[in-house]
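See structure below.
The values are calculated or read from the model by the stated rules, or taken from the named source; none is laboratory data. Fair warning: this is a prediction, and the values are worked out from it, not measured in the lab. No Cβ is skipped: glycine too gets one built from the backbone with ideal geometry, and neighbour counts run over all protein chains shown.
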Amino acid sequence: MKKIRLGVIGIGLAWERLHYPALQELSDKYEIAALANRTKEDALEFAKKINLDIKNVYGDYHEMLQRDDIDAFDILVPIELNYEVSEQVAKAGKDFICEKPLAPTMEQAKKYLELSRLYKVKIMIAENYRYNEENNKIREAVTQGKIGDVIYFIRNNITCFPCEMTKDTFAAKEWRQHPEYYGGAFLDAALHDIAALRHIFGAIQCVQAFGKPQKADFSPYVSVNANILFKSGVTGYLAYFPSGSEPQRPLVGFRIFGTKGEIFLEEKTCGIIHVAYTDGTAEKIGFTPGRGYYNELLNFYNAVNGTEQISVTPEIEFGDVKTVFDILKSVASREIVYVDQPQAVDLNKMQMEDMKIRSYIQ
(Lines give C-alpha, C1' and ligand atoms only; values in the text may rest on other atoms or scores of the structure.)
Protein backbone atom coordinates (compact mmCIF):
# COMPACT_ATOMS: atom_id res chain seq x y z
CA MET A 1 0.00 0.00 0.00
CA LYS A 2 1.24 3.48 -0.84
CA LYS A 3 2.10 6.22 1.63
CA ILE A 4 -0.55 8.85 2.27
CA ARG A 5 0.68 12.33 1.41
CA LEU A 6 -0.86 14.34 4.22
CA GLY A 7 -1.74 18.03 4.37
CA VAL A 8 -2.05 19.44 7.88
CA ILE A 9 -4.39 22.31 8.77
CA GLY A 10 -3.56 23.76 12.18
CA ILE A 11 -0.09 23.52 13.74
CA GLY A 12 -0.99 23.85 17.42
CA LEU A 13 -0.47 21.68 20.50
CA ALA A 14 -2.79 18.91 19.29
CA TRP A 15 -0.66 18.55 16.19
CA GLU A 16 2.72 18.88 17.85
CA ARG A 17 2.07 16.72 20.94
CA LEU A 18 -0.59 14.24 19.81
CA HIS A 19 -0.80 13.63 16.07
CA TYR A 20 2.77 14.30 14.98
CA PRO A 21 4.40 11.81 17.42
CA ALA A 22 1.99 9.13 16.19
CA LEU A 23 2.79 9.97 12.57
CA GLN A 24 6.49 9.59 13.33
CA GLU A 25 5.77 6.00 14.37
CA LEU A 26 3.81 5.58 11.15
CA SER A 27 6.47 7.11 8.90
CA ASP A 28 6.27 4.10 6.58
CA LYS A 29 2.60 4.92 5.98
CA TYR A 30 2.42 8.73 5.97
CA GLU A 31 4.41 11.53 4.42
CA ILE A 32 3.82 15.09 5.64
CA ALA A 33 3.38 16.95 2.36
CA ALA A 34 2.24 20.43 3.46
CA LEU A 35 1.37 22.56 6.48
CA ALA A 36 -1.11 25.40 6.88
CA ASN A 37 -1.65 27.64 9.87
CA ARG A 38 -3.33 30.99 10.53
CA THR A 39 -0.02 32.16 11.98
CA LYS A 40 2.20 31.15 9.09
CA GLU A 41 5.37 31.82 11.08
CA ASP A 42 4.51 28.93 13.40
CA ALA A 43 4.08 26.59 10.44
CA LEU A 44 7.38 27.77 8.97
CA GLU A 45 9.12 27.07 12.26
CA PHE A 46 7.71 23.56 12.42
CA ALA A 47 8.61 22.94 8.77
CA LYS A 48 12.25 23.64 9.65
CA LYS A 49 12.12 20.98 12.39
CA ILE A 50 10.99 18.30 9.93
CA ASN A 51 13.01 19.53 6.93
CA LEU A 52 9.92 20.39 4.92
CA ASP A 53 10.53 22.82 2.05
CA ILE A 54 8.96 26.19 2.85
CA LYS A 55 7.16 26.16 -0.51
CA ASN A 56 4.87 23.61 1.16
CA VAL A 57 3.87 25.99 3.98
CA TYR A 58 0.73 28.12 3.80
CA GLY A 59 -0.97 30.84 5.80
CA ASP A 60 -4.30 30.08 4.09
CA TYR A 61 -5.34 26.44 3.90
CA HIS A 62 -7.54 27.14 0.86
CA GLU A 63 -4.38 27.41 -1.26
CA MET A 64 -3.29 23.97 -0.08
CA LEU A 65 -6.66 22.45 -1.08
CA GLN A 66 -5.91 23.24 -4.72
CA ARG A 67 -3.00 20.80 -4.84
CA ASP A 68 -3.54 17.50 -6.63
CA ASP A 69 -0.57 15.77 -5.01
CA ILE A 70 -2.06 15.68 -1.48
CA ASP A 71 -4.05 12.54 -0.69
CA ALA A 72 -5.72 13.50 2.60
CA PHE A 73 -5.86 16.18 5.28
CA ASP A 74 -5.54 16.32 9.06
CA ILE A 75 -7.67 19.12 10.57
CA LEU A 76 -6.60 20.44 13.99
CA VAL A 77 -8.23 23.83 14.45
CA PRO A 78 -10.18 25.50 17.30
CA ILE A 79 -13.54 23.82 17.87
CA GLU A 80 -15.60 26.67 16.45
CA LEU A 81 -13.90 26.13 13.06
CA ASN A 82 -14.26 22.35 12.79
CA TYR A 83 -17.34 22.24 10.58
CA GLU A 84 -16.32 25.22 8.46
CA VAL A 85 -12.90 23.78 7.59
CA SER A 86 -14.24 20.23 7.18
CA GLU A 87 -16.83 21.43 4.68
CA GLN A 88 -14.15 23.14 2.58
CA VAL A 89 -11.92 20.06 2.56
CA ALA A 90 -14.88 17.83 1.65
CA LYS A 91 -15.81 20.17 -1.21
CA ALA A 92 -12.26 19.77 -2.50
CA GLY A 93 -12.93 16.02 -2.72
CA LYS A 94 -10.28 15.03 -0.18
CA ASP A 95 -10.46 12.38 2.53
CA PHE A 96 -9.70 13.79 5.97
CA ILE A 97 -9.36 13.43 9.73
CA CYS A 98 -10.93 16.10 11.93
CA GLU A 99 -10.28 16.51 15.64
CA LYS A 100 -13.27 16.13 17.93
CA PRO A 101 -15.92 17.40 18.44
CA LEU A 102 -17.13 17.45 14.87
CA ALA A 103 -18.95 20.78 15.36
CA PRO A 104 -19.54 23.51 17.97
CA THR A 105 -23.36 23.45 17.65
CA MET A 106 -26.08 20.89 17.01
CA GLU A 107 -27.08 22.70 13.84
CA GLN A 108 -23.60 22.31 12.39
CA ALA A 109 -23.33 18.75 13.72
CA LYS A 110 -26.43 17.79 11.73
CA LYS A 111 -25.01 19.42 8.60
CA TYR A 112 -21.74 17.56 9.15
CA LEU A 113 -23.54 14.24 8.62
CA GLU A 114 -24.17 15.18 5.00
CA LEU A 115 -20.54 15.78 4.04
CA SER A 116 -19.62 12.16 3.25
CA ARG A 117 -22.74 11.64 1.17
CA LEU A 118 -22.57 14.92 -0.73
CA TYR A 119 -18.88 14.83 -1.58
CA LYS A 120 -18.05 11.08 -1.53
CA VAL A 121 -15.09 11.38 0.81
CA LYS A 122 -13.84 9.32 3.75
CA ILE A 123 -14.08 11.15 7.08
CA MET A 124 -12.69 10.17 10.47
CA ILE A 125 -13.39 12.08 13.68
CA ALA A 126 -10.31 11.81 15.89
CA GLU A 127 -11.96 10.73 19.14
CA ASN A 128 -8.94 9.02 20.65
CA TYR A 129 -10.83 7.58 23.65
CA ARG A 130 -12.58 5.18 21.29
CA TYR A 131 -9.14 4.02 20.11
CA ASN A 132 -7.39 3.92 23.50
CA GLU A 133 -6.32 0.47 24.68
CA GLU A 134 -7.89 0.79 28.13
CA ASN A 135 -11.38 1.56 26.82
CA ASN A 136 -11.23 -1.23 24.26
CA LYS A 137 -10.03 -3.73 26.84
CA ILE A 138 -12.79 -2.67 29.24
CA ARG A 139 -15.32 -2.96 26.43
CA GLU A 140 -14.05 -6.46 25.67
CA ALA A 141 -14.26 -7.47 29.34
CA VAL A 142 -17.85 -6.20 29.56
CA THR A 143 -18.85 -7.90 26.29
CA GLN A 144 -17.31 -11.19 27.43
CA GLY A 145 -19.32 -11.01 30.65
CA LYS A 146 -16.27 -11.07 32.94
CA ILE A 147 -18.26 -9.38 35.71
CA GLY A 148 -21.63 -10.86 34.74
CA ASP A 149 -24.48 -8.52 33.91
CA VAL A 150 -23.49 -4.88 34.30
CA ILE A 151 -25.69 -3.09 36.85
CA TYR A 152 -24.20 0.39 37.08
CA PHE A 153 -21.06 2.46 36.73
CA ILE A 154 -19.34 5.53 38.19
CA ARG A 155 -17.09 7.70 36.05
CA ASN A 156 -15.47 10.55 37.95
CA ASN A 157 -13.34 13.12 36.13
CA ILE A 158 -11.67 15.81 38.24
CA THR A 159 -9.11 18.17 36.72
CA CYS A 160 -7.92 21.70 37.47
CA PHE A 161 -8.35 23.80 34.35
CA PRO A 162 -7.55 27.06 36.21
CA CYS A 163 -4.29 25.52 37.49
CA GLU A 164 -3.21 24.77 33.94
CA MET A 165 -4.13 28.12 32.38
CA THR A 166 -0.72 29.70 33.01
CA LYS A 167 1.35 26.64 32.04
CA ASP A 168 2.43 25.26 28.68
CA THR A 169 -0.76 23.24 28.33
CA PHE A 170 -3.94 23.00 26.27
CA ALA A 171 -5.73 25.08 28.93
CA ALA A 172 -3.41 28.02 28.23
CA LYS A 173 -4.95 28.58 24.81
CA GLU A 174 -7.06 31.74 24.62
CA TRP A 175 -9.80 30.04 22.59
CA ARG A 176 -10.25 27.45 25.34
CA GLN A 177 -10.25 30.00 28.16
CA HIS A 178 -12.84 32.16 26.37
CA PRO A 179 -14.58 29.71 24.02
CA GLU A 180 -16.82 30.80 21.18
CA TYR A 181 -18.93 27.66 21.56
CA TYR A 182 -21.49 26.62 24.16
CA GLY A 183 -20.38 24.18 26.82
CA GLY A 184 -16.73 25.19 26.98
CA ALA A 185 -14.58 22.55 28.67
CA PHE A 186 -17.55 20.20 28.99
CA LEU A 187 -17.87 19.98 25.21
CA ASP A 188 -14.12 19.93 24.72
CA ALA A 189 -13.02 17.49 27.44
CA ALA A 190 -15.99 15.67 29.02
CA LEU A 191 -16.90 14.62 25.48
CA HIS A 192 -14.08 12.07 25.82
CA ASP A 193 -15.75 10.46 28.85
CA ILE A 194 -19.08 10.29 27.05
CA ALA A 195 -17.47 8.78 23.96
CA ALA A 196 -15.81 6.11 26.11
CA LEU A 197 -19.07 5.28 27.90
CA ARG A 198 -20.99 4.99 24.63
CA HIS A 199 -18.18 2.89 23.17
CA ILE A 200 -18.42 0.46 26.08
CA PHE A 201 -22.17 0.40 26.82
CA GLY A 202 -23.78 1.41 23.52
CA ALA A 203 -26.58 3.85 22.76
CA ILE A 204 -28.01 6.12 25.44
CA GLN A 205 -31.73 6.37 26.05
CA CYS A 206 -31.92 9.40 28.34
CA VAL A 207 -30.05 11.63 30.77
CA GLN A 208 -30.87 13.68 33.85
CA ALA A 209 -28.22 16.16 34.94
CA PHE A 210 -27.48 18.98 37.32
CA GLY A 211 -24.73 21.58 37.36
CA LYS A 212 -23.27 24.20 39.66
CA PRO A 213 -22.99 27.45 37.62
CA GLN A 214 -19.85 29.57 37.59
CA LYS A 215 -18.82 32.90 36.09
CA ALA A 216 -15.54 31.73 34.53
CA ASP A 217 -15.72 31.60 30.74
CA PHE A 218 -13.96 28.26 30.24
CA SER A 219 -17.02 26.30 31.42
CA PRO A 220 -20.61 27.32 32.21
CA TYR A 221 -20.58 25.00 35.25
CA VAL A 222 -17.99 24.37 37.94
CA SER A 223 -19.27 20.79 37.92
CA VAL A 224 -21.74 18.70 35.96
CA ASN A 225 -23.33 15.59 37.46
CA ALA A 226 -25.30 13.36 35.11
CA ASN A 227 -27.34 10.20 35.58
CA ILE A 228 -27.37 8.19 32.36
CA LEU A 229 -29.66 5.35 31.25
CA PHE A 230 -28.40 3.27 28.36
CA LYS A 231 -30.74 1.42 26.01
CA SER A 232 -29.18 -1.82 27.26
CA GLY A 233 -30.58 -1.06 30.73
CA VAL A 234 -27.21 -0.12 32.24
CA THR A 235 -27.41 2.97 34.43
CA GLY A 236 -24.64 5.07 35.84
CA TYR A 237 -23.25 8.34 37.01
CA LEU A 238 -20.85 10.73 35.27
CA ALA A 239 -19.27 13.53 37.29
CA TYR A 240 -17.16 16.21 35.62
CA PHE A 241 -15.38 18.72 37.85
CA PRO A 242 -12.85 20.81 35.86
CA SER A 243 -11.95 23.21 38.67
CA GLY A 244 -10.70 20.96 41.45
CA SER A 245 -8.37 18.19 42.52
CA GLU A 246 -8.68 14.72 44.04
CA PRO A 247 -5.92 14.32 46.66
CA GLN A 248 -7.19 11.03 48.07
CA ARG A 249 -5.83 7.78 46.63
CA PRO A 250 -7.02 5.59 45.10
CA LEU A 251 -8.98 7.93 42.86
CA VAL A 252 -12.67 7.26 42.30
CA GLY A 253 -11.84 6.81 38.62
CA PHE A 254 -14.00 4.58 36.46
CA ARG A 255 -15.80 1.71 38.19
CA ILE A 256 -18.20 -0.78 36.63
CA PHE A 257 -20.26 -2.99 38.94
CA GLY A 258 -21.73 -6.29 37.77
CA THR A 259 -23.42 -9.35 39.20
CA LYS A 260 -20.10 -11.21 39.36
CA GLY A 261 -17.57 -8.49 40.11
CA GLU A 262 -16.16 -5.05 39.46
CA ILE A 263 -13.91 -3.40 36.87
CA PHE A 264 -11.79 -0.50 38.12
CA LEU A 265 -9.64 1.93 36.13
CA GLU A 266 -8.08 4.52 38.43
CA GLU A 267 -6.87 6.82 35.64
CA LYS A 268 -6.03 6.62 31.95
CA THR A 269 -2.26 6.75 32.57
CA CYS A 270 -2.00 4.00 35.22
CA GLY A 271 -1.46 1.09 32.82
CA ILE A 272 -3.56 -1.39 34.83
CA ILE A 273 -7.25 -2.32 34.74
CA HIS A 274 -8.27 -4.08 37.96
CA VAL A 275 -10.96 -6.76 37.88
CA ALA A 276 -12.21 -8.12 41.21
CA TYR A 277 -14.67 -11.00 41.40
CA THR A 278 -17.31 -11.82 43.98
CA ASP A 279 -15.67 -15.21 44.62
CA GLY A 280 -12.66 -13.41 46.09
CA THR A 281 -10.35 -13.73 43.08
CA ALA A 282 -8.92 -10.85 41.05
CA GLU A 283 -6.86 -10.14 37.97
CA LYS A 284 -4.98 -7.26 36.41
CA ILE A 285 -5.24 -6.37 32.74
CA GLY A 286 -2.32 -4.32 31.45
CA PHE A 287 -2.53 -1.64 28.79
CA THR A 288 -0.26 0.92 27.18
CA PRO A 289 -1.52 4.46 27.87
CA GLY A 290 -1.99 7.03 25.14
CA ARG A 291 -2.17 4.73 22.13
CA GLY A 292 -5.37 6.25 20.78
CA TYR A 293 -3.62 8.67 18.41
CA TYR A 294 -1.49 5.93 16.85
CA ASN A 295 -4.46 3.59 16.53
CA GLU A 296 -6.75 6.16 14.94
CA LEU A 297 -4.15 7.22 12.37
CA LEU A 298 -3.44 3.57 11.55
CA ASN A 299 -7.18 2.98 11.11
CA PHE A 300 -7.43 6.00 8.80
CA TYR A 301 -4.49 4.79 6.72
CA ASN A 302 -6.05 1.36 6.28
CA ALA A 303 -9.44 2.87 5.50
CA VAL A 304 -8.05 5.14 2.79
CA ASN A 305 -6.29 2.13 1.30
CA GLY A 306 -9.48 0.08 1.43
CA THR A 307 -8.54 -2.60 3.96
CA GLU A 308 -10.64 -1.41 6.93
CA GLN A 309 -13.71 0.62 7.74
CA ILE A 310 -13.31 3.87 9.66
CA SER A 311 -14.16 3.14 13.30
CA VAL A 312 -15.20 6.65 14.33
CA THR A 313 -17.36 8.14 11.61
CA PRO A 314 -19.28 11.43 11.83
CA GLU A 315 -22.41 9.39 12.60
CA ILE A 316 -20.78 7.87 15.69
CA GLU A 317 -19.32 11.18 16.85
CA PHE A 318 -22.69 12.88 16.31
CA GLY A 319 -24.13 10.71 19.10
CA ASP A 320 -21.32 11.76 21.45
CA VAL A 321 -21.86 15.45 20.71
CA LYS A 322 -25.64 15.16 20.99
CA THR A 323 -25.24 13.56 24.40
CA VAL A 324 -23.10 16.52 25.55
CA PHE A 325 -25.72 19.03 24.47
CA ASP A 326 -28.57 16.92 25.88
CA ILE A 327 -26.82 16.81 29.26
CA LEU A 328 -26.41 20.59 29.16
CA LYS A 329 -30.08 20.89 28.18
CA SER A 330 -31.04 18.74 31.15
CA VAL A 331 -28.95 20.90 33.49
CA ALA A 332 -30.69 24.04 32.21
CA SER A 333 -34.22 22.60 32.30
CA ARG A 334 -33.82 20.26 35.29
CA GLU A 335 -35.70 17.66 33.30
CA ILE A 336 -35.00 14.25 31.81
CA VAL A 337 -33.82 14.59 28.21
CA TYR A 338 -34.03 11.73 25.72
CA VAL A 339 -30.90 11.30 23.64
CA ASP A 340 -32.76 9.04 21.24
CA GLN A 341 -36.52 9.15 20.77
CA PRO A 342 -38.36 7.71 23.78
CA GLN A 343 -40.12 4.44 23.13
CA ALA A 344 -43.67 3.62 24.14
CA VAL A 345 -43.93 1.92 27.51
CA ASP A 346 -44.42 -1.84 27.21
CA LEU A 347 -46.05 -2.96 30.48
CA ASN A 348 -45.27 -6.62 29.86
CA LYS A 349 -41.61 -5.82 29.28
CA MET A 350 -41.56 -3.65 32.40
CA GLN A 351 -42.93 -6.55 34.43
CA MET A 352 -40.28 -8.91 33.00
CA GLU A 353 -37.50 -6.40 33.79
CA ASP A 354 -38.90 -6.02 37.30
CA MET A 355 -38.65 -9.79 37.79
CA LYS A 356 -35.00 -9.70 36.67
CA ILE A 357 -34.30 -6.94 39.17
CA ARG A 358 -36.00 -8.88 41.98
CA SER A 359 -33.63 -11.76 41.43
CA TYR A 360 -30.77 -9.53 42.72
CA ILE A 361 -32.57 -8.57 45.92
CA GLN A 362 -30.87 -10.06 48.98
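Quick notes
- Sole residue being outside the structural domain of GLY261 (by TED's automatic domain parsing) and of a type outside the set (A, V, I, L, M, F, W, C), chosen from LYS137, LYS94, LYS146: LYS94
- The residue of region 155-187 that is nearest to GLN214 (Cα to Cα), among those that are β-branched (Val, Ile, Thr) and assigned to a loop (DSSP other than H, G, I, E, B), is THR159.
- Residue match in region 28-41 (condition: part of a helix (DSSP H, G or I), of a type outside the set (D, E, K, R), touching a residue at least 12 places away in the same chain (Cβ under 8 Å) and surrounded by fewer than 21 Cβ atoms within 10 Å (Cβ to Cβ)): no
- Whenever a residue of region 244-266 is of a type in the set (Phe, Trp, Tyr), its partners that are part of a strand (DSSP E or B), lying with C-beta atoms within less than 6 angstrom and at least six residues away or across chains, give the pairs PHE254/ARG155; PHE254/LEU265; PHE257/ILE151; PHE257/TYR152; PHE264/ARG255; PHE264/HIS274.
- Flag for ILE79 being in the same structural domain as GLN214 (by TED's automatic domain parsing), more than 25 Å from LYS3 (Cα to Cα) and either out of contact with any helix residue (DSSP H, G or I) (no Cβ under 9 Å at 6 or more places or on another chain) or touching a residue at least 40 places away in the same chain (Cβ under 8 Å) (or both): no
- Remark: GLU63 falls outside the filter, which requires a residue to be acidic (Asp, Glu), assigned to a helix (DSSP H, G or I) and closer than 29 Å to ALA195 by Cα.
- Test result for TYR30, at pLDDT 95 or above, hydroxyl-bearing (Ser, Thr, Tyr) and within 26 Å of the chain's Cα centre (by Cα): yes
- When region 203-218 is filtered for residues that are surrounded by 14 or more Cβ atoms within 10 Å (Cβ to Cβ) and either modelled with pLDDT under 95 or not hydrophobic (A, V, I, L, M, F, W, C) (or both), the ones remaining, listed by number, are GLN205, GLN208, GLY211, GLN214, ALA216.
- For ALA141, the conditions (1) in contact with a Leu (Cβ under 9 Å, 6 or more places away or on another chain); (2) assigned to a helix (DSSP H, G or I); (3) closer than 26 Å to PHE230 by Cβ are fulfilled apart from (1).
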